[in-house]
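The values are calculated or read from the model by the stated rules, or taken from the named source; none is laboratory data. It should be emphasised that the depicted structure is a prediction, and the values quoted were computed from it without experimental measurement. Every residue, glycine among them, receives a Cβ derived from its backbone with ideal geometry; neighbour counts consider all protein chains shown. We work out accessible area using only protein heavy atoms, side chains counted, and drop any ligands, DNA or RNA first. Shrake-Rupley method; radii C 1.70, N 1.55, O 1.52, S 1.80 Å.
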Amino acid sequence: MDRKLTTIVAMDVVGYSRLMELDEKGTLERLKEIRAQILEPAVARNAGRTVKLMGDGALLEFGSVVGAVQCAVEMQRELGARNGAGGAKNGLRFRIGIHLGDVIVEDGDIYGDGVNVASRLESIAQPGGIVLSKQVHDHIGANVAARFVSLGEQSVKNISRPIHAYQVELADAPAPAHVIRFRDFELDTA
């Protein structure tokens, strides 16, 4: 059994079942277009790999924490711009969770607690949002142009320990990395 430390990205389409019920063919075409035009190029640019596609979701891995977060930010910003231009009604929105953890590698797939934590973080992300673990946050430093808001300790389904999570703010003009926001408070550490 092979193991490795890797950055895991779990993503899922918001409201996919409802969208499929309303327009199966159109929803599937939009999803395939997003995968080809946004997801695959962003993963390649940031030296990641698609582990597997699961209906409306994807499991990705990156050797670099910065690459994983940068990829997620690029995808969400591009999807947001596309949905804004084409109308959010027809757009697909994703939730993304990112965790740095030890995984089991078997036949090109990854398994284990690290994958489960990334999946649970994805489930608490807002539509169009990204939530990452403290392990990821502690490694990215000032290398990603985005704001990170602490969500504190989160209890998530089927994980016995609390997970300290951070929400990524995707504002057009990101704050400098030395600015930390806590709900309505902002701390400029510089």
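For this structure, a couple of remarks:
- Accessible surface, 1.4 Å probe, highest first, among residues VAL115, VAL9: VAL115, VAL9
- In the elastic network of the chain, a GNM with C-alpha springs shorter than 10 Å, the most mobile of ILE124, ILE110, ILE159 is ILE159.
- For Cα extents along the principal axes in Å, calculated from these coordinates, the label among [x] 49, 45, 32; [y] 52, 37, 25; [z] 59, 32, 32: [x]
- Fluctuation leader among GLU153, GLU74, GLU106 - the chain, Gaussian network, Cα springs under 10 angstrom: GLU106
- The order of the peptides 61-67, 28-34, 91-97 by mean Cβ neighbours within 10 Å, most packed first, is 91-97, 61-67, 28-34.
- Under 24 Å between alpha carbons - lysine pairs in the chain that sit 8 or more apart or on different chains: 8
- Accessible area of the chain divided out per residue, in Å², using a probe of 1.4 angstrom: 52
- Less than 5 angstrom separates the built amide H of GLU169 from those of ARG147, PHE148, VAL149, all sequence-distant by 5 or more or on a different chain.
- Nonpolar atom fraction for the chain, defined as the carbon and sulfur part of the 1.4 Å probe accessible area, stands at 50 percent.
- Heavy-atom accessible surface of MET75, to the nearest 10 Å², is about 0 Å², with a 1.4 Å probe and all protein chains retained.
- For the chain, adding -39500 (n - 2.57) for each run of n ≥ 4 DSSP H residues and dividing by the number of residues yields -10500 deg cm²/dmol at 222 nm.
- Among GLN135, GLN167, GLN76, residue whose mean-square fluctuation peaks in a GNM of the chain (springs only between Cα atoms under 10 Å): GLN135
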